[in-house]
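The structure under discussion appears below in the form of structure tokens.
The values are calculated or read from the model by the stated rules, or taken from the named source; none is laboratory data. Everything numeric here is computed off the predicted structure, so don't read it as measured data. In this analysis, Cβ positions are derived from the backbone assuming ideal geometry, glycine residues included, and neighbour counts consider all displayed protein chains. Only protein heavy atoms, including side chains, enter the accessible area calculation; ligands, DNA and RNA are left aside. Shrake-Rupley method; radii C 1.70, N 1.55, O 1.52, S 1.80 Å.
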Amino acid sequence: MMVNKYIEDINLPDFGYDLSNKKEILDLFLQEEYGYLPPLPNIFKWDATEENKVYLRGSATYKKIIMTVGLNGRECSFPVISVIPNTNQKVPFFVFANFRDAVPDRYYPTEEIIDRGYGVLSFCYQDVTKDNDDFTDGLAGVVYPNGRQEPTDGGKISLWAWVMCRILDYAQDQEELDITKATAIGHSRLGKTALLAGAVDDRFYCTISNDSGCSGAAITRGKRGETIKDIYTNFPYWFCENYGKYMNNEDKLPFEQNMFLSLIAPRLLYVASAQEDIWADPQAEYASCVMASSAYKAMGIDGLVGKDTFPQADEHFHKGNIGYHIRKGTHYLSRYDWNMFMDFLDKK
Ligand code: GTR
């Protein structure tokens, strides 16, 4: 199917925004979908509790850092694992929100990444605040001592994204890291999280969404698989309360997710899909990249340099500032995906 025909069929309203006014667009997404992120912490410290300079056969340095953030007179701590190649040069690096704390992990092929010259600062999202509706736990309890009050108060995605930005604050002080080459990355719900971190914090040189789907990279109107009704029924606490208004009511959304992606322009963006991940909907993810490209064009930069029909498994596009690939198989963050991301970054 022709992508343009698909986009035409979605029949988006003219929202009437000036897309170059990023502050206004970002505010819309924060007010109506994710909720506002917390302010900067007034306590921020870290402590390396474990260090191994000969990690992975001596090729990298491993550190376990306990990060503490405080606000409202309360504080919480969570571990961040730093694995950095041993070299004299500053290295590009990923800020990686993961589902588990294991390093390596099935979504995190640590040795392969190090061997390609990239560092990684990773954390387990549930160590920050649990993936449930309890807002007394961890960072949620620090930010909302009296629970969430406003319909625009940030959900858990906002809290996890905020931590990705704080990890960047930490990275700024680490001389082994090239702070101009920081990439936010996450898979699925954490792909949505990485997109939000990249949208709010332009210190991220690149932002990677792997299979983020509904309320992530995918266009909402006309989407197959998961809808706002599905996601907000199952995971209302990921979002702000306002987002619930759009259940079975997508047409009333005052925006589309391609505008969310556009907030990252002209910086690097990468969207990855999996062919059998119909719940996320690869077509809606690809169409979103095509549509977001106009924001890049307006800045005189190529966004997605792709094709007019929907790509088939194992096709990739790495030429413009929006990278895209679709791989065979199901919802997963695989070695194939990581290698594609690093191929793209190596070329930039
Ligand atoms: C699903 C959710 C998706 C995606 C996924 C995941 O259940 O509906 O939007 O976030 O979880 O994070 O694995």
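What the table below lists for this structure:
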{"read-out": "Subset tally (residues that are under 20 Å from GLU285 (Cα atoms) and open to solvent by 10 Å² or more (accessible area, probe 1.4 Å)) for region 227-237", "value": "4"}
{"read-out": "Residues within region 152-199 that are small (Gly, Ala, Ser) and assigned to a helix (DSSP H, G or I), tallied", "value": "8"}
{"read-out": "Residue within region 139-151 that is within 16 Å of the ligand (Cβ to nearest atom) and touching a helix residue (DSSP H, G or I) at 6+ places or on another chain (Cβ under 9 Å) present", "value": "no"}
{"read-out": "Exclusive hit being farther than 30 Å from GLY244 by Cβ and of a type in the set (Val, Ile, Thr), set VAL120, VAL143", "value": "VAL120"}
{"read-out": "Subset of region 200-213 that is surrounded by 24 or more Cβ atoms within 10 Å (Cβ to Cβ) and assigned to a loop (DSSP other than H, G, I, E, B) - its residue that is farthest from the ligand (Cβ to nearest atom)", "value": "PHE204"}
{"read-out": "Scope region 167-191; condition touching a helix residue (DSSP H, G or I) at 6+ places or on another chain (Cβ under 7 Å), open to solvent by 10 Å² or more (accessible area, probe 1.4 Å) and within 16 Å of the ligand (Cβ to nearest atom); matching residues", "value": "ARG189"}
{"read-out": "Flag if TYR232 is within 16 Å of the ligand (Cβ to nearest atom), in contact (Cβ under 8 Å) with a residue 60 or more places away in the chain and in a helix (DSSP H, G or I)", "value": "no"}
{"read-out": "Given (1) within 16 Å of the ligand (Cβ to nearest atom); (2) closer than 20 Å to ALA199 by Cβ; (3) over 17 Å from the mean Cα position of the chain (by Cα), number of the condition PHE96 does not satisfy", "value": "(3)"}
{"read-out": "Within region 13-36, tally of residues that are within 17 Å of the chain's Cα centre (by Cα) and over 16 Å from ILE264 (Cβ atoms)", "value": "2"}
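Here is a yes/no grid of residues against (1) within 27 Å of LEU333 (Cα to Cα); (2) touching a residue at least 12 places away in the same chain (Cβ under 8 Å); (3) assigned to a strand (DSSP E or B):
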{"site": "LEU40", "(1), (2), (3)": "no, no, no"}
{"site": "ASN52", "(1), (2), (3)": "yes, no, yes"}
{"site": "THR61", "(1), (2), (3)": "yes, yes, yes"}
{"site": "THR68", "(1), (2), (3)": "no, yes, yes"}
{"site": "GLU75", "(1), (2), (3)": "no, yes, yes"}
{"site": "SER82", "(1), (2), (3)": "yes, yes, yes"}
{"site": "PRO92", "(1), (2), (3)": "yes, yes, yes"}
{"site": "GLY117", "(1), (2), (3)": "yes, yes, no"}
{"site": "ARG148", "(1), (2), (3)": "no, yes, no"}
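A quick yes/no check of all residues on (1) open to solvent by 40 Å² or more (accessible area, probe 1.4 Å); (2) more than 19 Å from the chain's Cα centre (by Cα); (3) farther than 20 Å from THR227 by Cα:
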residue: SER262; (1), (2), (3): no, no, yes
residue: GLU276; (1), (2), (3): yes, yes, no
residue: GLU285; (1), (2), (3): no, no, no
residue: THR309; (1), (2), (3): yes, yes, yes
residue: GLN312; (1), (2), (3): yes, yes, yes
residue: HIS316; (1), (2), (3): yes, yes, yes
residue: ASN321; (1), (2), (3): no, no, yes
